[in-house]
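All remarks here apply to the structure that follows.
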Amino acid sequence: GQQVMQIPQYQHVQEGEDFTTYCNSSTTLSNIQWYKQRPGGHPVFLIQLVKSGEVKKQKRLTFQFGEAKKNSSLHITATQTTDVGTYFCAAPIFGNEKLTFGTGTRLTIIP
Amino acid sequence: SAVISQKPSRDICQRGTSLTIQCQVDSQVTMMFWYRQQPGQSLTLIATANQGSEATYESGFVIDKFPISRPNLTFSTLTVSNMSPEDSSIYLCSVDLGGNQPQHFGDGTRLSIL
């Protein structure tokens, strides 16, 4: 079964509003990665978090790794239409190289 | 990073036929992977393509249905055999460059079976 749960499955926000997606695992993760997939595109790597409690920022995107290394979040401040897509977390659960992807959160922006 | 060329980019196939998808990387990589993404779903790992040996398949995927070749460190193929409409998906190859780098994905092959 799915080892990496992600919520919400869908999120519709007005342009300019904030957006957050959450990723949870039942096991402690060595690292967690975030990918963005635009409609019709392929997953594109955004960031990797490795340390407990780590917080990284990329412009309007803030990524956080939980203290127990079992959960993570991606927060987008003041969304723009270019943020549309599906955001996936992914983690090596069954091996150092094999990634298990979360269920994804599909973000749509209402202009 | 790596440049990954995957082809075909899309195809429409008849039920019962087979299609081979190619993945070419511009540098030698140890780990290559094949994923399936069914419509509206997340990515599911099909198998790890091992150079010089048989691919390692994940639960629910078998070699007879998804034969994989990995003749060298820059190339792999995935064949979707005896296709049915349930095989309509995006198939993606990815590479692991090692050294704590993330996986990089090809553009994917959008496959529709009539």
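The values are calculated or read from the model by the stated rules, or taken from the named source; none is laboratory data. Everything quoted here is computed from the prediction, not taken from an experiment. Every residue, glycine among them, receives a Cβ derived from its backbone with ideal geometry; neighbour counts consider all protein chains shown. Each accessible area value is taken on the protein alone, full model and side chains, heavy atoms only, with ligands, DNA and RNA left out. Shrake-Rupley method; radii C 1.70, N 1.55, O 1.52, S 1.80 Å.
Structure notes:
- Checking each residue in the range A:67-79 for being surrounded by 20 or more Cβ atoms within 10 Å (Cβ to Cβ) and assigned to a loop (DSSP other than H, G, I, E, B) picks out A:69, A:79.
- Cross-chain or 6+ apart pairs with Cβ under 7 Å, the range A:41-56 first and under 14 Å from residue A:31 (Cα atoms) and away from every other protein chain (no Cβ under 12 Å), then open to solvent by 30 Å² or more (accessible area, probe 1.4 Å) and not in a strand (DSSP E or B): A:52/A:67; A:52/A:69; A:53/A:67
- Under the condition of being within 12 Å of chain B (Cβ to nearest Cβ), buried (at least 18 other Cβ atoms within 10 Å of the Cβ) and closer than 20 Å to residue B:37 by Cβ, the residues counted in the range A:19-40 number 7.
- Filtered residues of the range B:66-89 (kept if open to solvent by less than 40 Å² (accessible area, probe 1.4 Å) and among the aromatic types (Phe, Trp, Tyr)): B:66
- Residue match in the range A:45-63 (condition: outside any strand (DSSP E or B), within 30 Å of residue B:9 (Cα to Cα) and open to solvent by 10 Å² or more (accessible area, probe 1.4 Å)): no
- Subset of the range B:11-28 (residues that are touching a Leu at 6+ places or on another chain (Cβ under 7 Å) and buried (at least 21 other Cβ atoms within 10 Å of the Cβ)): B:21
- Top-ranked residue in the range B:90-114 [being small (Gly, Ala, Ser) and surrounded by fewer than 22 Cβ atoms within 10 Å (Cβ to Cβ); ranked as nearest to the other protein chains (Cβ to nearest Cβ)]: B:98
- Tally, over the range B:87-101, of residues that are modelled with pLDDT under 95 and not in a strand (DSSP E or B): 5
- Matching residues in the range B:17-55 - criterion: being without any contact (Cβ under 8 Å) to a residue 24 or more places away in the chain, more than 13 Å from chain A (Cβ to nearest Cβ) and not charged (D, E, K, R): B:51, B:52, B:53
- Selected residue [at negative phi and loosely packed, with under 12 Cβ neighbours inside 10 Å] from B:8, B:39: B:39
- For residue A:82: the one exception among (1) away from chain B (no Cβ under 14 Å); (2) open to solvent by 20 Å² or more (accessible area, probe 1.4 Å); (3) part of a strand (DSSP E or B): (3)
- Residues of the range A:1-18 satisfying the condition of being open to solvent by 60 Å² or more (accessible area, probe 1.4 Å) and at pLDDT below 90: A:1, A:2
- Filter result for residue A:45 (under 11 Å from the mean Cα position of the chain (by Cα), at pLDDT below 95 and under 19 Å from residue A:19 (Cα atoms)): yes
- Residue check for residue A:98: open to solvent by 40 Å² or more (accessible area, probe 1.4 Å), within 14 Å of chain B (Cβ to nearest Cβ) and farther than 22 Å from residue B:46 by Cα: no
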